[in-house]
1. Could you check Pro39 against (1) open to solvent by 60 Å² or more (accessible area, probe 1.4 Å); (2) over 19 Å from Pro167 (Cβ atoms); (3) in contact (Cβ under 8 Å) with a residue 12 or more places away in the chain and say which number it fails?
2. For region 57-84, what are the residues that are touching a residue at least 24 places away in the same chain (Cβ under 8 Å) and open to solvent by 30 Å² or more (accessible area, probe 1.4 Å)?
3. Do we find that Leu51 is modelled with pLDDT under 85 and not in a loop (DSSP other than H, G, I, E, B) in this structure?
4. Take the conditions under 15 Å from the mean Cα position of the chain (by Cα) and part of a helix (DSSP H, G or I) and apply them to Ala23. Does it pass?
5. So, Ser117, is that one under 19 Å from the mean Cα position of the chain (by Cα), open to solvent by less than 60 Å² (accessible area, probe 1.4 Å), polar (S, T, N, Q) and modelled with pLDDT under 85 or not?
6. Given the conditions (1) over 22 Å from Ala163 (Cβ atoms); (2) of a type outside the set (Lys, Arg); (3) open to solvent by less than 50 Å² (accessible area, probe 1.4 Å), report the number of the one that Ala130 does not fulfil.
7. Specify which of the listed residues (Val53, Val95, Val100) is touching a strand residue (DSSP E or B) at 6+ places or on another chain (Cβ under 6 Å) and open to solvent by 70 Å² or more (accessible area, probe 1.4 Å).
8. Is one or more of the residues making up region 134-141 free of Cβ contacts under 8 Å to residues at least 60 places away in the same chain, of a type in the set (Phe, Trp, Tyr) and part of a loop (DSSP other than H, G, I, E, B)?
Amino acid sequence: MDSEMVLPARNWYLLQCKPRQDARALEHLERQGFECYAPVYQVQTISAGKLRVKEQPLFPGYVFICMGMEDSWLALRSTRGVNRVVAFCGQPCQVQDAIVEHLRQRCANTETHRALSSGDRVQIQVGEFADMEAIFLSMDGDERVMLLLNVLNRQQRVQVRLAHVQPVSQGVVAPL
């Protein structure tokens with residue numbers, strides 16, 4: 001009887017990371033030679049009165065890892081930042097290759113999510129219009145915004161420093 005050993009295929013699995021340690025887990029797993037993927041997207045934030053772009057994890061607290069049955073699963077338990085392998089009934093849950101590939105394509109082709117979009121409601125924090133709500137129209141340079149403000153039942157365009165506005169809600173209102 002001629003028996004030929006067939007190595008099991010490599011599959012994607014999902015790891016749960018310790019709180020706020022996604023980057024640490026990813027770094028230590030890659031140092032050990034594992035193929036990992038932590039999907040991220042670009043988001044625009046307002047910090048210290050300036051627009052900044054930073055990466056946000058698509059699934060905070062989770063990292064995808066590609067492993068075969070011949071790989072050392074015990075190494076995952078002692079890896080810094082890793083909490084556990086996501087499993088059901090004691091078996092690691094496989095993630096289809098197509099799902100990981102789809103996530104890679106979506107994250108590679110997305111544009112930056114904007115902190116403020118035309119039509120967003122904002123509240124003016126400082127100045128002559130303090131505590132008034134307005135509608136964000138557009139950026140006017142790097143540190144100023146153009147707003148639509150309702151003053152005495154008239155829509156007025158005003159220019160305000162970006163540092164002086166705060167988004168109110170995610171709802172979008174069409175400018176009048």
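1. (1)
2. Pro57, Leu58, Pro60, Tyr62, Met69, Glu70, Asp71, Arg80, Asn83, Arg84
3. Yes: the conditions hold for Leu51.
4. Working: under 15 Å from the mean Cα position of the chain (by Cα): yes; part of a helix (DSSP H, G or I): yes.
Taking the combined requirement at face value, the residue satisfies it.
5. Working: under 19 Å from the mean Cα position of the chain (by Cα): yes; open to solvent by less than 60 Å² (accessible area, probe 1.4 Å): yes; polar (S, T, N, Q): yes; modelled with pLDDT under 85: yes.
Judged against the criteria, Ser117 is a match.
6. Answer for Ala130: the failing condition is (1).
7. The conditions single out Val53.
8. No - not one qualifying residue is present in region 134-141.
The values are calculated or read from the model by the stated rules, or taken from the named source; none is laboratory data. Source: prediction; values computed, not measured. Glycine also receives a Cβ, built like all others from the backbone with ideal geometry; neighbour counts cover every protein chain displayed. For the accessible areas, the whole protein counts, side chains as well, though only heavy atoms, and no ligand, DNA or RNA atoms are used. Shrake-Rupley method; radii C 1.70, N 1.55, O 1.52, S 1.80 Å.
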